Structures are given as structure tokens and as C-alpha cells.
1. List the residues whose amide H sits under 5 Å from the amide H of residue 175, counting only those 5 or more places along or on another chain, with H placed 1.01 Å from N in the peptide plane.
2. What length, rounded to one decimal in nm, is gained on full extension from residue 127 through to residue 225, with 0.36 nm per residue of separation minus their alpha-carbon distance?
3. From the phi angles alone, apply the Karplus equation (6.51, -1.76, 1.60; θ = phi - 60°) to segment 132-139 and give each ³J(HN,Hα) in whole Hz, x where the residue is Gly or Pro.
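Since every read-out is calculated from the coordinates, none of them should be taken as a lab result. Values in this document were obtained by computation on a predicted structure and should not be read as measured data.
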Amino acid sequence: MTIAIAPPRRSWLVGQPLRTDDATRRAGGTGVLPALAQVTAGRHPLAEATLAWQCLRPRGGEAAEITRAAVRGGSTPTYLPIAYTGDDLVAGRLVRVLNGLTWAVVAGRPGDCWVGVPRGDYHRVQRALGGTWRRYRKDFTEHTTTVTDPSAAAALWRMAFLLHGRPTATNAFYLPMPVPEAADMLRRAAQILLATADTDPCARGRRSVVITNSADVRRLLTIAIA
């Protein structure tokens with residue numbers, strides 16, 4: 001299982017019509033993923049947001065191009081992308097948890113979409129997510145001396161299950177993370193929630209988070225949906 005990342009298509013440069021937060025309307029159905037997508041954001045919405053952002057954000061030349069566009073005027077698009085995803089529920093959830101920070105939107109088409117923020121908010125949102133990532137990375141390390149809020153751990157796993165795309169309470173869990181620290185954070189978050197997760201190295205410097213005991217998967221899913 002790999003994270004559903006839509007390839008960068010620079011659709012934001014051509015003014016592609018925006019869809020609103022109705023990506024989560026699929027969550028009106030039944031099942032684990034719709035339930036996860038509809039959970040109230042709670043006290044740690046940016047824990048979810050920063051994990052998704054680290055996994056799905058534009059990188060390399062695409063990121064540089066977006067940054068330049070953020071400071072240009074004229075015909076620059078109104079919204080700029082902060083995450084690409086091939087999963088509408090992930091996109092809709094990211095919009096939901098960013099609500100207290102900015103007015104984000106989902107653009108593109110089902111199965112190949114991106115989450116955008118207003119051009120004027122772009123740098124502020126990037127700084128906020130970057131700072132949040134550093135804080136949670138510090139909180140969720142093996143050597144921390146602070147007592148980490150279990151609800152923050154639950155928030156990280158809520159987004160991890162959505163990024164996974166097909167979690168079940170009867171199977172093991174395996175998810176390669178494009179950012180190695182994310183796997184370490186999820187391992188620590190599982191420990192805080194009294195479950196056991198491990199990490200394994202995988203290709204291109206990535207690291208996977210692995211849960212081999214289905215009872216631990218079931219426990220984490222139950223907490224994430226609660």
C-alpha cells in the first residue's frame with residue numbers, strides 16, 4: 001500500500017475551476033474511511049494537517065514555481081496548491097482540518113486533485129504547517145520528557161489511516177511514508193495509545209510504519225474514529 005499522491009500537473013497555472021469542500025460528501029456512506037473523514041477536528045487539527053502536508057506537498061521545481069507565484073501579482077491564480085492527492089477523502093479532510101487556519105479548497109477532478117489555499121495566505125500557511133511539524137516531531141520522539149496529549153496521537157493516526165486508503169480492523173497495517181520522521185512519529189503515537197507499531201526502511205530513503213497485530217490496528221482505528 002502506498003499513499004495516493006496525484007502527480008503534479010500544474011493545473012493551478014491555468015485557472016482550473018475549483019471545487020469546494022464537497023469532496024467529503026462521499027463520507028455520507030458507511031465504512032471506516034467515511035467515518036474517519038467526518039470525525040470532528042478536535043483539539044489537534046493541525047496535527048492531521050501537518051502530517052498530510054509533509055506526505056503530499058509539492059517538492060522540487062514545482063514547489064519553487066509555486067513559491068514564486070505566491071509573490072507575483074497580475075494573472076497569478078487565486079489559489080495555490082499545498083498538497084496533491086489521488087484521494088478525495090484525504091483532500092476533503094485536509095480542507096476540514098485547515099479551517100481554523102485558512103479557507104482552503106479542493107481543485108482538480110476526482111482521483112487527481114489538489115488542496116489549495118488563497119495566494120495571500122500561502123506563505124503564512126506554509127510557515128504555520130512547518131512550525132507545527134517541528135513541534136509535533138519534537139513531541140513524538142522517543143527521548144521527549146513531556147507528556148504528550150493522547151488526542152494528538154489519535155489525530156496523527158486518523159490522518160495516517162486516511163492516507164493508507166484501505167485500513168481494516170482484521171488485517172495488518174503497512175504504509176510507506178515519504179518522510180522518515182513521520183513513521184517514527186506514528187510509532188511513538190501508537191505507543192502513547194497503548195498499541196505497538198514498528199518502522200522498517202524501504203526504497204529511496206523512505207520508512208514504513210508497520211503494525212502486525214490486527215488487535216492493535218483495531219484499537220487505533222477505534223480511537224481515531226471516536
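1. Here 209 satisfy the definition.
2. Full-extension gain reported as 32.4 nm.
3. 5, 4, 5, 5, 5, 4, 5, 5
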